[in-house]
1. Does segment 5-50 hold any residues that are of a type in the set (Val, Ile, Thr) and more than 11 Å from the chain's Cα centre (by Cα), and which are they?
2. Given the conditions (1) small (Gly, Ala, Ser); (2) surrounded by 10 or more Cβ atoms within 10 Å (Cβ to Cβ); (3) at pLDDT below 90, which single one is not true for residue 1?
3. If you go through segment 12-40 one residue at a time, how many are part of a helix (DSSP H, G or I) and either in contact (Cβ under 8 Å) with a residue 60 or more places away in the chain or of a type in the set (Lys, Arg) (or both)?
4. Quick one: would you say residue 22 is in contact with a Lys or Arg (Cβ under 9 Å, 6 or more places away or on another chain) and hydroxyl-bearing (Ser, Thr, Tyr)?
Amino acid sequence: APEIALSNPKGKTMKLSDLRGSLVLVDFWASWCGPCRRENPNVVNAYNKY
């Protein structure tokens with residue numbers, strides 16, 4: 001995968017390469033996307049679980 005660097009929910013910048021060997025879910029969504037917004041609680045639950 002290409003290198004991606006973004007802020008995590010706590011504001012810390014993370015690079016995708018920092019997570020090598022870990023389970024990673026990259027979820028691209030938009031605020032105007034109804035199905036994306038409906039799925040978001042499931043993504044949050046997965047984030048909290050893993």
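The values are calculated or read from the model by the stated rules, or taken from the named source; none is laboratory data. Keep in mind that this is a model prediction, so the values were computed, not measured. Cβ sites come from the backbone with ideal geometry, for glycine too, and all protein chains shown count toward neighbours.
1. 13
2. (2)
3. Number of matching residues: 2.
4. Taking the combined requirement at face value, the residue does not satisfy it.
Residues checked against (1) small (Gly, Ala, Ser); (2) touching a helix residue (DSSP H, G or I) at 6+ places or on another chain (Cβ under 9 Å); (3) surrounded by 10 or more Cβ atoms within 10 Å (Cβ to Cβ):
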site	(1), (2), (3)
13	no, no, no
17	yes, no, yes
26	no, yes, no
29	no, yes, yes
32	no, no, no
41	no, no, no
44	no, no, yes
47	no, no, yes
